[in-house]
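This structure is in structure tokens; I'll ask about it shortly.
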Protein chains: 2
Amino acid sequence: MSTQPVLIAGQWRPAAGSQTFQAENPRLETSLPEQYPLSLWQDCAAALDAATAAQRELATLPAEARAIFLDRFAARIEARAAELVEIAALETALPPKPRLADVELPRTTNQLRQAAAAVRDGSWVLATIDSKLQIRSQFGPLGPVAVFGPNNFPFAFNSVAGGDFAAAIAAGNVVIAKANTSHPGTTRRLAEEAALAAAEAQLPPATVQLLYRLDHADGARLVSDPRLGATGYTGSRAAGLMLKQAADAVGKPIYLELSSINPVVILPGALRERAAPIADEFTTSCLMGAGQFCTNPGLILLLAGPATEAFLAEIATRFQQAPVGTLLSSRVAQSLVVSVHQLHAAGAEILAGGERGGGTGASYANTLLRVSGEQFLQHAEQLQTEAFGNVSLAVVAASGEQLAEILDRLEGNLTGTIYSHTGVDDEPLYAQLEPRLRQKVGRLLNDRMPTGVAVSPAMNHGGPFPATGHPGFTAVGIPASLRRFAMLQCYDQVRQSRLPPALRNQNPTGRLWRLVDGAWSQGDVPA
Amino acid sequence: MSTQPVLIAGQWRPAAGSQTFQAENPRLETSLPEQYPLSLWQDCAAALDAATAAQRELATLPAEARAIFLDRFAARIEARAAELVEIAALETALPPKPRLADVELPRTTNQLRQAAAAVRDGSWVLATIDSKLQIRSQFGPLGPVAVFGPNNFPFAFNSVAGGDFAAAIAAGNVVIAKANTSHPGTTRRLAEEAALAAAEAQLPPATVQLLYRLDHADGARLVSDPRLGATGYTGSRAAGLMLKQAADAVGKPIYLELSSINPVVILPGALRERAAPIADEFTTSCLMGAGQFCTNPGLILLLAGPATEAFLAEIATRFQQAPVGTLLSSRVAQSLVVSVHQLHAAGAEILAGGERGGGTGASYANTLLRVSGEQFLQHAEQLQTEAFGNVSLAVVAASGEQLAEILDRLEGNLTGTIYSHTGVDDEPLYAQLEPRLRQKVGRLLNDRMPTGVAVSPAMNHGGPFPATGHPGFTAVGIPASLRRFAMLQCYDQVRQSRLPPALRNQNPTGRLWRLVDGAWSQGDVPA
């Protein structure tokens, strides 16, 4: 079978170089037939040149063209949904239904349509006008964005169709997508639809480009290239940190989502009140999708006592009894072997699972570990090793003070959760713990598990390092996610006719929200 | 004379270590008498511990306490203005009047009061509420902020009283200030007033701490310490890049203002129309404060022709005739020697000046250099060497196309300016050049010089690397500058009583602007 082409400058063409790779069918742990290319730097350079020209052309087009593209792309994904679900299921072992067809695909098209709506609304630019001084500013596009997608959301975080892609395009940038190598077939089909949608919307052909695989050095070179504006990356911490170092060295914005163990604190009052439903919620959240979510609850924190012992015994039983899911790849299974070994070596006791296998193909037993608060404090770094998959570590603290100390030792996370008594029983402990947890997480939850990330304006799918590279930005939630791929552009005494529409005296739509002389308004600015 | 103490945990106490330094009187090029300490890591560690505790305490106090502090501090600076102006003039050679007393000191107290008003208003947190999903978010404090101030604004950018300080405090953070070593006496007196104002406002004593000097390794350790939240740095590119590398490696936000040559493009129609007033404006802007402004026009771009020749001859004459100012220090004079040498070595011809001296004490002749567009393109990197002071480089391009190419080769800058015909003569060229310049600068100006940075909400004193470390943030302009020192904090299904005031259903002031279900509002959220 011949090697699949890459998408550069609007053309599907053979990649430079001759090395290829194949995706895996994780259910069978065998290779899928399609051959995909590893690109040489030559492909990156060609994509960067084409992106530079396309970026310049895109700036001359009305914003509406990008909105049309995003809408058409969403419609095209829906039209090809059956095939997309089939290939994604094959490449990732995620269930076709409900997960891929009924949850993730609609979420993806919803994101694209929300991005289109944000383009049309325009308020994401935070237009700010000081009318007396004639100083005006807004967020504007940064330039070509490289997007590296993760393995666990073949649609919703796909480098050529997911949240980063939608945000980068909506903000006015062209995209160079680097496929996740575990689902190149899904990505290829999405890119085909994106390219056709771009043509329909009369965007420059190089608005969307796709490469499948790069070696580490070329990845680092890409994210630090002068022609690039910024990078969005979701994936492993090791690879992400290499890219971060390269981009940081030349001051190129790079937004990374790296790792998160999502601590869940269960306070005694909650346990006393409703241990069984919490055990249910926790087990479901932890094992859903074989635990392969960025916001999977990988760390559960409890106070020592009989209720906690009973709770952990209950969860261990549920973990043992629940079916074992197929993982995204053999690599994920292998990395669970390594992570669980590290947690065990740092003093964690295995309450359930702890070995490879147990499900169809690439799999690892549903695993629950446990460690005392004292042990955790002694080996806090090793015991925060992310075990990406159906594995959680319970920490049993001796006291509220020790629990507070543990929270202070946590690394940055995407989420942090506190379950508490529905009345006031846990209020003093909540008040003691919440400020500590708050500083360590992007999203703080009460009484529900962190899996499930609504695409909503107030959402924060971000958090302090190493959860992400900067705690001021979110990867999910439109329009805020657009501002990652934008720069602050101020205009000082610039003539009306030369200003971008959002900054002229006349409100371009009559609905655009602007901060005019300190007050948010949808009106015109008096001339 | 005994060594001055540092300010740690609310106490003026001897620094750890015995090394000291003295500031310079640049008018005499002699040392000033006061001895200031170089701190060892022990001082940093003590300050970080005290900051951690103070940060926690600060979070429990009402925002009003910070507003009171900022207002009182401003009043105290005014009460001690005469002494502050005297010592600052001694340490920096900046004119006591009008610059220090009538411009910079009032600007500094104005910034502090604007920051106080931003705290009281509260809208800077961009509170966002999705009422149906019960997801709410706002920006909240990041934790202790280290501030490194520059040499050129002893008040307005001072690490213990300037823009970064005011923004960090207003955003709810405590500050560890690292004095600029060229004006420790000014900084000490400001810190004395800050400490007294903090006591009056009943803030934790360690809200404001001050160290004078650190070696490079301890600086890097400080900005990457787990106890620190973020860093604000304004100063030299070399020192800033060392700090950036250390902070980036551990994912700590660091906001840097490093260097900027602030290109000014003068289009033919403008020159034809009003060459003399432009020459006036340019000379004034370039030589004011001996050119030691972040937004000093260090690069002027023109199209070849007789009008340009006459214009450059006119400026050269004005540069030669204008009095030569005293520089901030002998180091600044020495670094001009090096920079001008580098520009000359890269092919620039010296039209005026080009040697050390000519004024009182530390000084360098008002210097104008010139290079062709072709030469510039051949040595674009070297010819963008920042010559911090009263030096500018004129680039004479052969054509509009060449000018466009030159703009594409520019590094990131704080500002970019285009002078054009008041009618439509220059419109085609403007349309060709503006998009290229726009991407390279934080603030784009028409028909006025970039010196002068209004403290106004729409201001952007930021720009692409290496002007700053991230093009999405501004160091000047309240409230936007506060958000550098904040993290995005999302609350998901959190009970009303546990939410921060800005996110509760009831608008806490009735005036706070919040984005509720997609519309900006000052109202309550229906329960």
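Laboratory data are not the source of any read-out in this text; all were calculated from the coordinates shown. The structure presented is a predicted model; accordingly, all values stated were derived computationally and were not measured. Cβ coordinates were reconstructed from backbone atoms using ideal geometry, including for glycine residues, and neighbour counts include every protein chain displayed.
Quick check: residue separation of B:Ala199 and B:Gln342 times 0.36 nm, minus the Cα distance between them. What number comes out in nm?
46.5 nm
Which three numbers, in whole Å and largest first, are the semi-axes of the equivalent ellipsoid of chain A derived from its Cα gyration tensor as √(5λ)?
40, 30, 19
Out of every Cα-Cα pair in the protein assembly as shown, what percent are more than 57 Å apart?
I get 13 percent for the Cα pairs in the protein assembly as shown exceeding 57 Å.
Return the distance in nm (one decimal) between the two label points of a simple spin-label model at A:Gln35 and B:Gln493, each offset 7 Å from Cα along Cα→Cβ.
It works out to 5.1 nm between the two label points.
Taking each pair of distinct Cα atoms in region A:344-443 once, what is the resulting Kirkwood hydrodynamic radius in Å?
After inverting the pairwise mean of 1/r, the radius is 15.1 Å.
Efficiency by 1/(1 + (r/R0)^6): what FRET value for B:Ala310 and B:Glu401, r their Cβ-Cβ distance, R0 = 22 Å, to the nearest 0.05?
0.40
OK, next. Would you work out the charge dipole size for region A:263-446 about its Cα centre, treating the Cβ of every Lys and Arg as +1 and the Cβ of every Asp and Glu as -1, and quote it to the nearest 20 debye?
The calculated dipole for region A:263-446 is roughly 540 debye.
Hey, got the average number of other protein chain Cβ atoms within 10 angstrom for residues in A:514-523?
That works out to 4 on average.
Once the label point is set 7 Å along the Cα-to-beta-carbon vector, what list of distances in nm do you get between B:Gly523 and its counterparts in the other copies?
Spelled out, the distances from B:Gly523's label point are 1.7 nm.
Let me ask another. Give me the distance between the Cα centres of region A:504-527 and region B:23-40, rounded to whole Å.
52 Å
To continue, here is another question. Starting at the first residue of region B:452-464, write each ³J(HN,Hα) from the Karplus equation 6.51 cos²θ - 1.76 cosθ + 1.60 with θ = phi - 60°, in whole Hz, x for Gly and Pro.
Using θ = phi - 60°, the values come out as x, 10, 5, 8, 9, x, 8, 4, 10, 10, x, x, x Hz.
How big is the charge dipole of chain A about its Cα centre, in debye rounded to the nearest 20, if each Lys and Arg gets +1 on its Cβ and each Asp and Glu gets -1 on its Cβ?
In debye, rounded to 20, chain A gives about 1460.
Nearest 0.05, what FRET efficiency do A:Glu374 and A:Arg274 give at R0 = 35 Å with Cβ-Cβ as r?
That gives a FRET efficiency of 0.80.
Convert each backbone phi in region A:498-509 into a coupling constant with the Karplus relation 6.51 cos²θ - 1.76 cosθ + 1.60 (shift: θ = phi - 60°), then list the ³J(HN,Hα) values in order as whole Hz, x for Gly and Pro.
For region A:498-509, the Karplus curve yields 9, 6, x, x, 5, 9, 6, 4, 7, 5, x, 10 Hz.
Of B:Ala79, B:Ala198, B:Asn446, whose Cα points farthest to the positive end of the dipole of chain B (charges on the beta-carbon: +1 Lys, Arg; -1 Asp, Glu; origin at the Cα centre)?
Looking along the dipole axis, the top candidate is B:Ala198.
Next question, about the same structure. Which cross-chain or sequence-distant (5 or more) residues have an amide H under 5 Å from the amide H of B:Leu369, H modelled 1.01 Å from N in plane?
Amide H to amide H, under 5 Å and 5 or more residues apart or across chains, B:Leu369 pairs with B:Leu351, B:Ser392, B:Leu393, B:Ala394.
In addition: At 7 Å along the Cα-to-beta-carbon direction for both B:Leu28 and A:Gln506, put a label point, then send me their distance in nm to one decimal.
It works out to 6.5 nm between the two label points.
Here is a further query. Calculated from DSSP H runs of 4 or more alone, at -39500 (n - 2.57) each and per residue, what is the 222 nm mean residue ellipticity of chain B, nearest 500?
-11500 deg cm²/dmol
Sticking with this one: Let's test this: bin the Cα-Cα distances of region B:263-446 at 10 Å from zero up to the farthest pair and state each bin's percent.
Reading upward from the zero bin: 10, 40, 38, 11, 1.
Could you tell me the distance between the Cα centroids of region B:90-167 and region A:301-316, to the nearest Å?
So the two Cα centres are separated by 48 Å.
I'd like to know which of B:Thr128, B:Gln138, B:Leu28 lies farthest towards the positive end of the charge dipole of region B:2-160, counting +1 on Cβ of Lys and Arg and -1 on Cβ of Asp and Glu.
My answer, from the dipole projection, is B:Thr128.
Find how many whole Å separate the alpha carbon centroid of region A:178-199 from the alpha carbon centroid of region B:416-472.
Spelled out, the Cα-based centre of one part sits 38 Å from the other.
Label A:Glu78 and A:Glu57 with points 7 Å out from Cα along Cα→Cβ: what is the distance between them in nm?
Distance between the two pseudo-spin positions: 2.9 nm.
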